Each structure stands twice: as structure tokens, then as C-alpha cells.
Amino acid sequence: MAPIRFGLVGSGWRAEFFTRVARELPERFQLAGVVQRDFAKAQAFGARWGAPAFADYAGLKDAGVDFVVVSVKPDAHLAILTELHRLGLAVLCETPAALDLPTMLELWKLVEQGFRLHIAEQYLFQPLHASRLKLIADGALGQVSSARVSVAHGYHGVSLMRHYLGIGFEPATIRGKSFAARSLEGPSRFGWPESERFAATTQLMGEFDFGDRLGLFDFTDVQYRSPVHSMHVLVRGDRGEISDFEPRMMPTYGQPVTRPITRADSGRYSDLYGYAIKSMSCGDDVLWTNPFPGARLMDDEIAIAVAMERMMTPEGPYPFALGAQDQYLSLLMTQAAKTGETIRSERQPWAG
């Protein structure tokens, strides 16, 4: 089978997640061309990753790409996506699709016109989250009633919260709270600070009451990459709960079971196949198996690769409507935290 050919708009830090996937899995993905506002930068980026640079988006169409990855600042999305739609190209757009509701509504008009637009919302495809979601889908917790997510900012955290709860476009009553503090500064995208220092931090908390289910969002802006700030997930149902790596269940009444979610890797100890994740399990049940066996990819890159591969399926990885709903609820949470008001979400056009 020929590799999936994708074009890339942008050449920043996040764009390289997609190019690393293509480099590690050349039999599955091929970077067919790069477009960047600064053509010289596009040429340099393309030379680094073995792909041609084009001066305009029409070059990507002429190259015969299966879809285009857009990885630029979101305030530029509307103009770029409008042009890609005019050219008849499918798009996997980095998050968020837009920064405000009016722009999301403009993008929805393009989708209604037939634009195939998906959002690169990858968290639910990461091995650990995918394993928890498989347990829930298999009924291990029974009917889920609440989910507390302290993993990622804004729309990412909302996406996970909605999926753990099984929520689509149901209305929510939203309350928010922000809290300022200070914390030991951890590494940035580019490494550790030169010396120990403290930074001002903001903790954002949100409560999403969907009537029969409750979502709790909690994220502090130093959590990413920090070795002293952990990520937490607590999902509760009427037959048990998942607390981080530990599901507690009662499939048979009177016989409670606690089994940790464990990770199996190759390349450890006397295994000479090279280091890579193989699977995630809970007891004897394998919840997730690496769809790219042996690939030297970190969890987030595996999730990106899953999204890219699903662009070739009719349902796609994450329709614009879902990404827009995540961002919409995130914006309302931020508004509630700033004003102290309780806000009721309204059904948006993308909800059908």
C-alpha cells in the first residue's frame, strides 16, 4: 500500500510532530510538500525533512496530497482554511480551530459547504487515555456519572472530560474559578531554566453540570513537562472508578477487583527489539495495542499518527464540530472564572 501523502502549512515546533511521524514511519506517511509564509523558511524546513517547498497552497494540490496539516497560529486559520477549502483540499488542523465563537461559526459555514475539516485533538488517542476509554466502553465502571480531569489546558482538558463522560453536545451549566500562586519553574519546550526560580502560576478550575453527569476541570499552567506536578484523572461510575492508573471495579457483586493499568515496552532488560511501547493492559485484559509496532515514537506522536491515519477513513479522526464544542465550552469556563457568573451553554449550529 502506498504511503499517505500529506502537505504541511507551517514550520514551527508543533509542525515537527507530524514530520517526525513521517520520518519514523516512511512506509505509512510521506511529507509531500511544505508551505510557509516566509518561503525561505519553507525551503529550509523542507530541506531538513526531505520535502519540496511551495510558494502557495496550489502547490500542495498539484503535488497530489491526501490532506493538508495546518500548524500555524490559530488567528491565521480562517484565511488559510478558506483558501484550502476553495482548492478542494481536506485538512487536519492543529488546535484550536479558532480563538473565538464568531470565527468558529464562520468555519462551520465552510464545513456546511462540504469542507472536510478535522481537528488534531490527539489526547484521547494517547495510550493511557485510550486504555481508560476502552475500559469505560467495555462497561467496567457501569454508568459513568462524573469525571475529574487535571491533564491539559482548555479545550484539550474539556475534550478528555467529555469523552470520559460520554458527552456530546448536551447543554451544560458552567462555573469557573481561577487562583493565582507561585510555583517552582520546570522545563520549557527548549529545556530547563539556567537556575532554580519560581514563576507566577494560574490554576483554572471549571465545573460542568450536564444534568445527569458532572465534569470537573482542573489545570495549573505549570503542569506541562513539570516533574513535580502530576496529572490526575478520576472517573466514577455506578460499578466503580478509575483513579489515575488504578481501576477499582466490581464485575460480580461482593467481589471487588483492583487492578492497575500497566504498560508493556520492548527493548527492556534482555529484549533486543529496540525500545518502543507495545501495549497497555489491566490484569489479563489488553486494552490497547500499538498500531505502529516497533516505532520509536513518544505517546503524543503515536496519537498524532493515529489521527493522520484516520484522515483516510470516512469518519475521520475528530470532526470540526467536536473541536469547536471543546473550544466553546473552554471559552465559557474562562469567562465564568473571570466574572464569577454561572453560565449556561447554548446549542451551536455545529451540534445539529
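Where in the range 103-202 are the strands (runs of 3 or more DSSP E), entirely inside, with at least 1 residues that are at pLDDT below 95? Quick ask: steps written out before the conclusion?
On the way: elements: 117-119, 144-150, 173-184.
Once the strands (runs of 3 or more DSSP E) in the range 103-202 are filtered for at least 1 residues that are at pLDDT below 95, what remains is 173-184.
Do you know which residues across the range 18-41 are open to solvent by 20 Å² or more (accessible area, probe 1.4 Å) and not acidic (Asp, Glu)? Steps first, answer last, please.
Initially, the range 18-41 is screened for residues open to solvent by 20 Å² or more (accessible area, probe 1.4 Å), giving 20, 23-24, 26-28, 30, 36-41.
Result: 20, 23, 26, 28, 30, 36, 37, 39, 40, 41.
Scan the range 190-204 and report the pairs whose first residue is open to solvent by 40 Å² or more (accessible area, probe 1.4 Å) and whose second residue is part of a loop (DSSP other than H, G, I, E, B), with Cβ atoms within less than 7 Å and a gap of 6+ or a chain change.
Here the result reads 197/185; 198/185; 202/221, each pair linking the range 190-204 to a residue that is part of a loop (DSSP other than H, G, I, E, B).
Report whether or not residue 44 is open to solvent by 10 Å² or more (accessible area, probe 1.4 Å) and either of a type in the set (A, V, I, L, M, F, W, C) or touching a strand residue (DSSP E or B) at 6+ places or on another chain (Cβ under 8 Å) (or both).
Values: open to solvent by 10 Å² or more (accessible area, probe 1.4 Å): yes; either of a type in the set (A, V, I, L, M, F, W, C) or touching a strand residue (DSSP E or B) at 6+ places or on another chain (Cβ under 8 Å) (or both): yes.
Spelling it out, residue 44 is indeed open to solvent by 10 Å² or more (accessible area, probe 1.4 Å) and either of a type in the set (A, V, I, L, M, F, W, C) or touching a strand residue (DSSP E or B) at 6+ places or on another chain (Cβ under 8 Å) (or both).
Under 8 Å between Cβ atoms, at least 6 apart or on separate chains: pull out the pairs that start in the range 227-238 with a residue that is basic (Lys, Arg) and end on any residue that is open to solvent by less than 50 Å² (accessible area, probe 1.4 Å).
Every condition considered, the pairs that remain are 236/141; 236/144; 236/146; 236/147.
If you go through the range 27-50 one residue at a time, how many are touching a Gly at 6+ places or on another chain (Cβ under 6 Å) and among the aliphatic types (A, V, I, L, M)?
From the range 27-50, those touching a Gly at 6+ places or on another chain (Cβ under 6 Å) are 32-34; that's our starting set.
Adding the requirement that they be among the aliphatic types (A, V, I, L, M) leaves 32, 34.
Residues that pass the stated criteria total 2.
I'm trying to understand the selection: among the residues of the range 239-250, which are among the aliphatic types (A, V, I, L, M) and in contact (Cβ under 8 Å) with a residue 60 or more places away in the chain? If you could, list the steps in order and put the result at the bottom.
Of the residues in the range 239-250, the ones among the aliphatic types (A, V, I, L, M) are 242, 249-250.
Within the range 239-250, 242, 249 meet the criteria.
Would you point out the residue of the range 205-223, among those that are more than 21 Å from residue 146 (Cα to Cα) and touching a residue at least 60 places away in the same chain (Cβ under 8 Å), that is surrounded by the most Cβ atoms within 10 Å (Cβ to Cβ)?
Step one: of the range 205-223, the residues more than 21 Å from residue 146 (Cα to Cα) are 221-223.
Next, from what is left, pick out any that are touching a residue at least 60 places away in the same chain (Cβ under 8 Å): 221, 223.
Values: 221: 15, 223: 21.
Within the range 205-223, the match that is surrounded by the most Cβ atoms within 10 Å (Cβ to Cβ) is 223.
Going by what's in this entry, would residue 268 be described as surrounded by fewer than 19 Cβ atoms within 10 Å (Cβ to Cβ) and in contact (Cβ under 8 Å) with a residue 40 or more places away in the chain? Break it down stepwise before answering.
Numbers: surrounded by fewer than 19 Cβ atoms within 10 Å (Cβ to Cβ): yes; in contact (Cβ under 8 Å) with a residue 40 or more places away in the chain: no.
Here the answer is no, as residue 268 does not meet what is asked.
The values are calculated or read from the model by the stated rules, or taken from the named source; none is laboratory data. Not measured: the values here are computed from a predicted model. FYI the Cβ positions are ideal-geometry reconstructions off the backbone, even for glycines, and counts take in every protein chain you see. Surface accessibility is based on the protein's heavy atoms, side chains included, excluding ligands, DNA and RNA. Shrake-Rupley method; radii C 1.70, N 1.55, O 1.52, S 1.80 Å.
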